[in-house]
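Novice: Take a look at the following structure, please.
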Amino acid sequence: MAAAPPLAELVLNSLLLGGIYALTSLGFSIVFRVVGILNLAHGDLVMVSGLFAYLVFTSDLMPFTIRLLFVILLIPLFAAFGLAFERVLIRPLLRKPPNEALLSSVLVTLGFSLVLQDVWANSFGTLQKSITSESLGLPIITVAGLTVASSRLLALLFIVIASILLFVFVRKSYVGKAMRAISQDREAAMFLGVNLPNTSMITFGLGTSLAAVGGILLVIIQSVAPFSGLPLTVKALAVIVLGGTGSMIGPLIGGIALGSAETLSAFFIDPYWSPGIAVIILVAVLLLRPTGLVRR
């Protein structure tokens, strides 16, 4: 990015990074609240989506419109993968008592996380990748004195649209209402006739599709590497702990807070501090305000 007023640049970077963290953390949060498991491979799905988007966008074998179409298709493909993953690997675990199911899901998803990292690193290398405006064929523009890549503005617009669509889906659709009912009282939801297995499967697919969206947007604003997955999962945990799991607003606030903290620490202290900020925030919130910033 070219020289720009520091405050305007910091605000834009904070909103972009915070919005991406919020979207990916919402996917992590709804899976935990509805399905009842911790998907420790969530960050690796973000990583794989981002690196796939990088490979497609930087390919010279296809016109840009075809490349864009392939990247958009990543979202439903990841959703379908999430449906299959829940059906094959997660659902058998849910037949166990809740504590055993939670522990088993941690082991299964952590193992899958390590497999994804090793497979990608051995297949495509370990170097960090990022998409530039030149790769997307988009110009650098100036808005209110801020010189910025238009890809960042499009990413911010996409974050806003995706957040609105997700909010409407959860609030207005039948599946969304079923997800809310299960997250509030699983037994009451069963009594009211909610189909728990199907709702859990759809929820996992939705969470995986949000990971895909987050990865596509993340690789546009910063570098992504094969071993970025677990740190991204820790950041998702920090976001939902910070914001609170009682509402969709919580992860949004937590994501903006974490994105701002990382951006400010990188600017005023040192970029090497940024990865550790999530852990510091996670421990501080657990000690000082375990309920998070937003209560149910």
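Novice: If Gly205 satisfies every condition in (1) closer than 18 Å to Val71 by Cα; (2) modelled with pLDDT of 90 or more; (3) buried (at least 24 other Cβ atoms within 10 Å of the Cβ); (4) not polar (S, T, N, Q) but one, which is the exception?
Specialist: Gly205 satisfies every listed condition except (3).
Novice: Looking only at the range 96-107, filter to residues that are under 22 Å from the mean Cα position of the chain (by Cα) and under 21 Å from Glu187 (Cβ atoms); which one of those is surrounded by the fewest Cβ atoms within 10 Å (Cβ to Cβ)?
Specialist: Among those that are under 22 Å from the mean Cα position of the chain (by Cα) and under 21 Å from Glu187 (Cβ atoms), it is Leu102.
Novice: Output the residues belonging to the range 187-202 that are loosely packed, with under 15 Cβ neighbours inside 10 Å and either without any contact (Cβ under 8 Å) to a residue 60 or more places away in the chain or acidic (Asp, Glu) (or both).
Specialist: Step one: list which residues in the range 187-202 are loosely packed, with under 15 Cβ neighbours inside 10 Å, which gives 187-188, 190-193, 195, 197-198.
If the condition is that a residue be loosely packed, with under 15 Cβ neighbours inside 10 Å and either without any contact (Cβ under 8 Å) to a residue 60 or more places away in the chain or acidic (Asp, Glu) (or both), then Glu187, Ala188, Met190, Phe191, Leu192, Gly193, Asn195, Asn198 are the ones that fit.
Novice: State the number of residues belonging to the range 28-66 that are assigned to a helix (DSSP H, G or I), at pLDDT 90 or above and of a type in the set (S, T, N, Q).
Specialist: Adding up the residues that qualify gives 1.
Novice: Show the residue pairs that are 6+ apart or on different chains and have beta-carbon atoms under 8 Å apart, the first residue being within the range 100-117 and modelled with pLDDT of 90 or more, the second being among the basic types (Lys, Arg).
Specialist: Close Cβ pairs (under 8 Å, with a partner that is among the basic types (Lys, Arg)) amount to Ser104/Lys96.
Novice: Looking at this structure, is Leu38 more than 17 Å from the chain's Cα centre (by Cα) and surrounded by fewer than 24 Cβ atoms within 10 Å (Cβ to Cβ)?
Specialist: Criteria not met by Leu38.
Novice: Within the range 5-35, take every residue that is more than 16 Å from the chain's Cα centre (by Cα) and among the hydrophobic types (A, V, I, L, M, F, W, C) and give me the one that is surrounded by the most Cβ atoms within 10 Å (Cβ to Cβ).
Specialist: Val35
Novice: Taking the range 141-182 as the region of interest, how many residues are in a helix (DSSP H, G or I), among the β-branched types (Val, Ile, Thr) and out of contact with any helix residue (DSSP H, G or I) (no Cβ under 8 Å at 6 or more places or on another chain)?
Specialist: First, the residues of the range 141-182 that are in a helix (DSSP H, G or I): 150-172, 174-182.
Filter again for among the β-branched types (Val, Ile, Thr), leaving 159-161, 164, 168, 170, 175, 182.
If we keep only those that are out of contact with any helix residue (DSSP H, G or I) (no Cβ under 8 Å at 6 or more places or on another chain) as well, we get 161, 164, 168.
Qualifying residue count for the region: 3.
Novice: Take Leu154 and decide whether it is under 18 Å from Ile72 (Cα atoms) and at pLDDT 85 or above. Break it down stepwise before answering.
Specialist: Working: under 18 Å from Ile72 (Cα atoms): yes; at pLDDT 85 or above: no.
Taking the combined requirement at face value, the residue does not satisfy it.
Novice: Checking the conditions here, which among Leu93, Leu73, Leu89, Leu69 is in a helix (DSSP H, G or I) and either under 20 Å from the mean Cα position of the chain (by Cα) or of a type in the set (Asp, Glu) (or both)?
Specialist: Values: Leu93 fails: either under 20 Å from the mean Cα position of the chain (by Cα) or of a type in the set (Asp, Glu) (or both); Leu89 fails: either under 20 Å from the mean Cα position of the chain (by Cα) or of a type in the set (Asp, Glu) (or both); Leu69 fails: either under 20 Å from the mean Cα position of the chain (by Cα) or of a type in the set (Asp, Glu) (or both).
Criteria check complete, one pass: Leu73.
Novice: Are any of the residues in the range 97-119 acidic (Asp, Glu), part of a helix (DSSP H, G or I), closer than 29 Å to Leu196 by Cα and touching a helix residue (DSSP H, G or I) at 6+ places or on another chain (Cβ under 6 Å)?
Specialist: The initial filter retains those residues of the range 97-119 that are acidic (Asp, Glu), namely 100, 118.
Restricting the remaining residues to those that are part of a helix (DSSP H, G or I) gives 100, 118.
Next cut, closer than 29 Å to Leu196 by Cα only: 100.
Still in the running and touching a helix residue (DSSP H, G or I) at 6+ places or on another chain (Cβ under 6 Å): none.
Checked the range 97-119: no residue is acidic (Asp, Glu), part of a helix (DSSP H, G or I), closer than 29 Å to Leu196 by Cα and touching a helix residue (DSSP H, G or I) at 6+ places or on another chain (Cβ under 6 Å).
Novice: Determine if the range 41-60 includes at least one residue that is without any contact (Cβ under 8 Å) to a residue 24 or more places away in the chain and exposed (fewer than 14 other Cβ atoms within 10 Å of the Cβ).
Specialist: Checking the range 41-60: at least one residue is without any contact (Cβ under 8 Å) to a residue 24 or more places away in the chain and exposed (fewer than 14 other Cβ atoms within 10 Å of the Cβ).
Novice: Considering only the range 161-174, I want to know if a residue exists there that is in contact (Cβ under 8 Å) with a residue 12 or more places away in the chain and charged (D, E, K, R).
Specialist: No, every residue in the range 161-174 fails to be in contact (Cβ under 8 Å) with a residue 12 or more places away in the chain and charged (D, E, K, R).
Novice: Please go through the range 208-230 and give me each residue that is surrounded by fewer than 23 Cβ atoms within 10 Å (Cβ to Cβ) and under 13 Å from Ala41 (Cβ atoms), ordered by number.
Specialist: Matches in the range 208-230: Leu230 only.
Residue-by-condition table, conditions (1) surrounded by fewer than 24 Cβ atoms within 10 Å (Cβ to Cβ); (2) assigned to a helix (DSSP H, G or I); (3) without any contact (Cβ under 8 Å) to a residue 40 or more places away in the chain:
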{"position": "Leu242", "(1), (2), (3)": "no, yes, no"}
{"position": "Gly254", "(1), (2), (3)": "no, yes, no"}
{"position": "Ala266", "(1), (2), (3)": "yes, yes, yes"}
{"position": "Leu282", "(1), (2), (3)": "yes, yes, no"}
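The values are calculated or read from the model by the stated rules, or taken from the named source; none is laboratory data. All values derive from a computational prediction rather than experimental measurement. No Cβ is skipped: glycine too gets one built from the backbone with ideal geometry, and neighbour counts run over all protein chains shown.
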